[in-house]
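Laboratory data are not the source of any read-out in this text; all were calculated from the coordinates shown. Here the structure is a predicted model, which is why all the values come from computation and not from measurement. Positions of Cβ are generated from backbone atoms using ideal geometry, with glycine treated the same way; all protein chains shown enter the neighbour counts.
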Amino acid sequence: MEFNHISVLLNESVAALNVKPEGVYLDGTLGGGGHSSLICEKLGESGTLIGIDRDTAALNAAGKKLEKYKCRKLTVHDNFFNVKNILESLKIPNIDGAILDLGVSSPQLDEAERGFSYNSDARLDMRMNRDDKLTAYDVVNNYTFDELKQLLFRFGEEKNASKIAANIVKERERKTIETTRELSEIIKRSFPPKKRYGDKHPAKRSFQAIRIEVNHELDGLKEAICDFIECLKPGGRLAVITFHSLEDRIVKTAFAELARGCTCPKEFPVCVCGNSPKIKIINRKPIVAGKDELEKNNRAHSAKLRIAEKI
């Protein structure tokens with residue numbers, strides 16, 4: 001498979017890192033290598049780029065794309081949640097900057113057999129790392145009504161979660177639900193006729209929720225943000241691109257807590273916890289895609305960029 005992916009907020013996110021030619025920078029979601037390529041362009045021969053991804057197809061494609069650059073390049077098949085262990089294994093104590101693009105890569109969505117898309121017909125899968133055991137098939141066919149309802153509401157913010165979960169359970173009593181198209185049709189039938197057709201596909205939120213569950217995308221995100229900040233050198237920056245409100249809320253909250261420092265109750269006259277701010281938030285309002293990018297890349301519409309600098 002050719003791994004073609006248009007990186008969102010490319011220039012803005014890389015510019016936020018203030019790349020130094022001799023620095024060490026980490027791309028925690030390597031994807032097609034778009035952000036990493038621009039970082040490598042700014043690095044000299046003594047600089048280092050570390051690229052992490054859960055998808056071997058992304059690692060292979062990005063590795064070839066980055067070959068032309070003279071800086072040191074290290075690619076790792078892992079989850080960026082494990083950043084501390086990864087850096088320790090590479091014998092790299094700290095980094096000058098990092099970027100996290102939390103969206104699903106276009107090739108993962110567009111390659112039907114990966115089972116991510118409600119617009120294709122493929123076996124339910126949705127694994128970013130194909131070595132993982134849990135699949136969308138397992139979630140759809142084995143989770144209880146209450147578990148399905150909860151994850152659709154929590155991870156998809158789906159108001160129709162109860163009806164969708166009930167229809168999934170009802171259908172699988174008749175036969176197992178095998179494909180993305182079967183699931184998409186079940187979800188569509190869960191909505192009133194007038195709401196089945198519109199700007200947004202009725203299955204969009206549910207597919208998002210199941211994908212998040214399969215890949216444990218939010219389970220350790222806040223902790224990972226804190227780990228990245230800890231791994232930065234003073235003055236180093238972390239740039240995070242989110243694509244839905246759940247991700248953005250976690251990143252915004254983590255940044256706010258790291259920037260606040262003191263955790264004492266407000267009624268305390270003086271600080272007794274001794275905690276000091278660990279970061280400076282660079283942009284209070286998230287950076288979003290401009291008109292030109294939105295015209296070229298429809299997937300940029302929901303993207304938000306937040307930047308923090310370690311104190």
* To do: Mind counting the residues in the stretch 14-41 that are of a type in the set (Asp, Glu) and over 23 Å from Glu88 (Cα atoms)?
  => 1
* In the stretch 128-149, which residues are in contact with a helix residue (DSSP H, G or I) (Cβ under 6 Å, 6 or more places away or on another chain) and of a type outside the set (Val, Ile, Thr)? -> Met128, Leu134, Ala136, Asn141, Phe145, Leu148, Lys149
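Right, Arg123: in contact with a Ser or Thr (Cβ under 7 Å, 6 or more places away or on another chain), farther than 25 Å from Leu30 by Cβ and basic (Lys, Arg) or not? Reasoning before the result, please.
Numbers: in contact with a Ser or Thr (Cβ under 7 Å, 6 or more places away or on another chain): yes; farther than 25 Å from Leu30 by Cβ: yes; basic (Lys, Arg): yes.
Yes, satisfied.
Need at least 3 residues that are crowded, with 20+ Cβ neighbours inside 10 Å and not small (Gly, Ala, Ser) per element, so show me which helices (runs of 4 or more DSSP H) inside the stretch 219-311 make the cut, counting only ones lying wholly within it. Quick ask: steps written out before the conclusion?
Details: elements: 221-231, 245-260, 291-296.
In the stretch 219-311, the matching helices (runs of 4 or more DSSP H) lie at 221-231, 245-260.
Test of understanding: among Gly28, Gly47, Gly34, which residue is closer than 15 Å to Leu10 by Cβ, surrounded by 17 or more Cβ atoms within 10 Å (Cβ to Cβ) and either in contact (Cβ under 8 Å) with a residue 40 or more places away in the chain or not hydroxyl-bearing (Ser, Thr, Tyr) (or both)?
Values: Gly28 fails: closer than 15 Å to Leu10 by Cβ; Gly47 fails: closer than 15 Å to Leu10 by Cβ.
Residue meeting the stated conditions: Gly34.
Tell me which residues, restricted to the stretch 154-178, are touching a residue at least 12 places away in the same chain (Cβ under 8 Å) and under 24 Å from the mean Cα position of the chain (by Cα). Outline the logic, then answer.
Residues of the stretch 154-178 touching a residue at least 12 places away in the same chain (Cβ under 8 Å): 154-158, 160-169, 171-172, 176-178.
Answer for the stretch 154-178, where residues must be touching a residue at least 12 places away in the same chain (Cβ under 8 Å) and under 24 Å from the mean Cα position of the chain (by Cα): Arg154, Phe155, Gly156, Glu157, Glu158, Ala161.
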* Going through the stretch 22-38 one residue at a time, which ones are touching a Leu at 6+ places or on another chain (Cβ under 6 Å) and β-branched (Val, Ile, Thr)? -> Thr29
* Structure fact -> Expected output for the stretch 204-229 (first residue under 30 Å from Glu182 (Cα atoms) and in contact (Cβ under 8 Å) with a residue 60 or more places away in the chain, partner among the basic types (Lys, Arg) and not in a helix (DSSP H, G or I), Cβ below 9 Å, 6+ apart or cross-chain) is Val214/Arg127; Asn215/Arg54; Asn215/Arg127
* Among the residues of the stretch 50-101, count how many are of a type in the set (Ser, Thr, Tyr) and either surrounded by 15 or more Cβ atoms within 10 Å (Cβ to Cβ) or in contact with a Leu (Cβ under 9 Å, 6 or more places away or on another chain) (or both). => 2
